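The values are calculated or read from the model by the stated rules, or taken from the named source; none is laboratory data. What you see is a predicted model; the values in this text were computed from it and never measured. We place every Cβ from the backbone using ideal geometry, glycine too, and count neighbours over all the protein chains shown. Accessible surface is based on the protein model in full, side chains and every heavy atom, while ligands, DNA and RNA are left aside. Shrake-Rupley method; radii C 1.70, N 1.55, O 1.52, S 1.80 Å.
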Amino acid sequence: MGYRKILYRSIPLHEDYHPSDLGILQASMQYNKSVGVTGYLWRANGQFVQTLHGKVDAINLVLERVVADKRHSQIEILLDDDASPTSPFSGFSMGYDHFFPARHGIDFIEENHLPRVDRAQAEVVFDALVRLAGEALEKGGGFVFSRQAGESEADYERRLAAARS
């Protein structure tokens, strides 16, 4: 069975920094781990941008859940490619960060319309999220729900669970 990598964006139901982000992150981490999917979720300027990597059948299962999740809408697949078995997000069933995407050309434009993203831009964004995930493992992320430097995934999950209670 082959592997697949996905990049999609969507519009969150709630504003930036809403507590529902923590629920999305925790549910994604738990489910993705159970089906062998890795990825990274980026929240900025009123949109989610997410990467996923895993076996084709597992990615299909995750995408079914993504589409059914009412905490976001307007899901747009920006990149859908075959991938190698080696995940660029190893160490993350799901990572998370929050920063501004304007430098990658996918920020909102006037009247809350999302700009078109071509394949070349989508690949740049995917690669940027791969770099961000690597930096998060080494230096820690820049947001309270991001993984901290040197934090194992198990410790990350425990910290998120404590933050939710």
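Could you please state how large a percent of the accessible area of the chain is carbon and sulfur, counting protein chains only and using a 1.4 Å probe?
52
May I ask you to list the aspartates and glutamates whose Cα is less than 12 Å away from that of residue 55, ignoring any residue fewer than eight positions away on the same chain?
Partners found: 81, 82.
With +1 on the Cβ of every Lys and Arg and -1 on the Cβ of every Asp and Glu, and nothing else charged, how large is the dipole of the range 1-53 about its Cα centre, in debye rounded to the nearest 20?
Once rounded to the nearest 20, the dipole reads 320 debye.
From the C-alpha coordinates alone, can you work out the Kirkwood hydrodynamic radius of the range 33-74, in Å?
One over the average 1/r among Cα pairs gives 11.2 Å for the range 33-74.
With Rg/Rh (Cα atoms, Kirkwood Rh) as the read-out, I listed (1) 1.17; (2) 0.93; (3) 0.96; which label goes with the value calculated from this structure?
(2)
Could you work out [θ]222 nm for the chain from helices alone, using -39500 (n - 2.57) per DSSP H run of at least four and dividing by all its residues? Round to the nearest 500 deg cm²/dmol.
One gets -12500 deg cm²/dmol as the mean residue ellipticity at 222 nm.
Percent relative contact order of the chain, based on C-alpha pairs within less than 8 angstrom and at least six residues apart?
It rounds to 27 percent for the chain.
Quick one: dipole size for the chain, taken about the Cα centre, charges +1 on Lys/Arg Cβ and -1 on Asp/Glu Cβ, in debye to the nearest 20.
With Lys and Arg at +1 and Asp and Glu at -1, about 360 debye.
List every residue whose amide H lies under 5 Å from the amide H of residue 46, counting only residues 5 or more places away in sequence or on a different chain, with H placed 1.01 Å from N in the peptide plane.
Residues meeting the amide H criterion: 16.
Solvent-accessible area per residue for the chain at a 1.4 Å probe radius, Å²?
50
Under a Cβ-only charge scheme (Lys and Arg +1, Asp and Glu -1), can you give me the dipole magnitude of the range 23-106 about the Cα centre, in debye to the nearest 20?
About 340 debye.
Can you check what the net charge comes to around residue 137, using other residues whose Cβ is under 13 Å from the Cβ of residue 137 (Lys, Arg +1; Asp, Glu -1)?
In short, -3.
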